[in-house]
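Participant: Next up is a structure, given as structure tokens.
The values are calculated or read from the model by the stated rules, or taken from the named source; none is laboratory data. Keep in mind that this is a model prediction, so the values were computed, not measured. Cβ placement follows ideal geometry from the backbone for every residue including glycine, while neighbour counts extend to all protein chains displayed.
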């Protein structure tokens, strides 16, 4: 089995390489905006517009007019057109209309690994050398990198690389197609998890995991006020903006680390994981819990669990989002509809008089409901 896996490295480019990266990001943004404008005008005139393939044919003539486009990696310009095509496909599927890209927002470009051979020798436009801690990229040549200290080599074929600038720092994300050998599936343990705000995760083993990563709102407000006092285009404004960006980046990295720690533990210790199929977007419309949901990475935990379960040949079962897991007593199955009130954290079953912790009770019910779903699947297979 082959899978696509991304590896992110911190880059340490020279001044010349920095200038070329910034120029390539700017050129990719220009091409995106230029052809978005072209699509809008063309659609207004004739009711249809060119595809990314047809637009790519116009890049050579555009490069003659704008000679600075020739200085950068040509693959980055073509990938900008594919990004534009994808933005329109997403629009047709219900997303917002594509917007023009602004300078300083999502600064990145993508390049593909072009393979060639000459006189029996094989060449790649992107090369990764973990022993010498370098990566070779089109136009940039060798760039120093840092990351994955325990790996000397990553087996597989390099497909593409995304070079990005975040908070004044440079990163490269390398997409590699590599072989995966999955272990046989042996169902020996099952766990139900209740995802929430107060506790990020409560398991059916009554283990509670809190969300330890939270935004320092006072610090952020202070920095934003400082930014507002700075003159536009000044060095002090740029420095203040960097401080805010690095604060968000630090929280983002800490949250990512926390998510991988939690999901690795769940996948390693359990063969079947059961969770609710939550509609987080609809939940965010409730202003009482919206702020807590924004700080709680529920969607990301489920997304990471899905692909890790697939890689490790474990089962992730998602039960119906409307299943009343918090209301049902896991001992006698009595349903207490008063528990719809989220402020009630503990309750006593009026039938069997069992005292319940709301989230732990929900996780146990989620586990049993997932087990039923799993057993039905086995019966149908037989």
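Participant: If you scan segment 80-96, which residues turn out to be assigned to a loop (DSSP other than H, G, I, E, B) and exposed (fewer than 10 other Cβ atoms within 10 Å of the Cβ)?
Facilitator: 93, 94, 96
Participant: If I filter segment 149-173 down to residues being touching a strand residue (DSSP E or B) at 6+ places or on another chain (Cβ under 9 Å) and loosely packed, with under 14 Cβ neighbours inside 10 Å, which single residue comes out as farthest from residue 73 (Cα to Cα)?
Facilitator: It comes out as 151.
Participant: Within the set of pairs 6 or more residues apart or between chains, which connect a residue that is more than 13 Å from residue 275 (Cα to Cα) inside segment 353-371 to a residue that is part of a helix (DSSP H, G or I) with Cβ atoms less than 8 Å apart?
Facilitator: The qualifying pairs are 358/339.
Participant: Further question on the same structure: Of all residues in segment 108-126, count the ones that are at pLDDT below 95 and in a strand (DSSP E or B).
Facilitator: Of the residues in that region, 8 qualify.
Participant: Residues in segment 162-175: is at least one at pLDDT below 95, in the same structural domain as residue 315 (by TED's automatic domain parsing) and not in a helix (DSSP H, G or I)?
Facilitator: no
Participant: Could you list, in sequence order, all residues of segment 110-136 that are under 22 Å from residue 28 (Cα atoms), touching a strand residue (DSSP E or B) at 6+ places or on another chain (Cβ under 6 Å) and either surrounded by 18 or more Cβ atoms within 10 Å (Cβ to Cβ) or in contact (Cβ under 8 Å) with a residue 60 or more places away in the chain (or both)?
Facilitator: 110, 111, 112, 113, 126, 135
Participant: Continuing with the same structure: Find all pairs meeting these conditions: Cβ atoms under 6 angstrom apart; at least six residues apart or on different chains; first residue within segment 152-174 and on the phi > 0 side of the Ramachandran plot; second residue crowded, with 18+ Cβ neighbours inside 10 Å.
Facilitator: So the pair list comes out as 156/176.
Participant: Being in contact (Cβ under 8 Å) with a residue 12 or more places away in the chain and not in a helix (DSSP H, G or I), is that true of even one residue in segment 44-57?
Facilitator: yes
Participant: Inspect all residues belonging to segment 27-36 and state whether any of them is touching a helix residue (DSSP H, G or I) at 6+ places or on another chain (Cβ under 7 Å), in a loop (DSSP other than H, G, I, E, B) and within 29 Å of residue 134 (Cα to Cα).
Facilitator: no
Participant: Still on this model: In the same structural domain as residue 300 (by TED's automatic domain parsing) and within 30 Å of residue 361 (Cα to Cα): which single residue out of 195, 227, 220, 242 fits that description?
Facilitator: Of 195, 227, 220, 242, the one residue that is in the same structural domain as residue 300 (by TED's automatic domain parsing) and within 30 Å of residue 361 (Cα to Cα) is 195.
Participant: Quick one: residue 212 ticks every box in (1) in a helix (DSSP H, G or I); (2) closer than 26 Å to residue 325 by Cβ; (3) out of contact with any strand residue (DSSP E or B) (no Cβ under 7 Å at 6 or more places or on another chain) except a single one, so which number is it?
Facilitator: Of the numbered conditions (1) in a helix (DSSP H, G or I); (2) closer than 26 Å to residue 325 by Cβ; (3) out of contact with any strand residue (DSSP E or B) (no Cβ under 7 Å at 6 or more places or on another chain), the odd one out for residue 212 is (1).
Participant: Looking at this structure, is residue 159 in a loop (DSSP other than H, G, I, E, B) and either within 17 Å of residue 5 (Cα to Cα) or in the same structural domain as residue 72 (by TED's automatic domain parsing) (or both)?
Facilitator: Taking the combined requirement at face value, the residue does not satisfy it.
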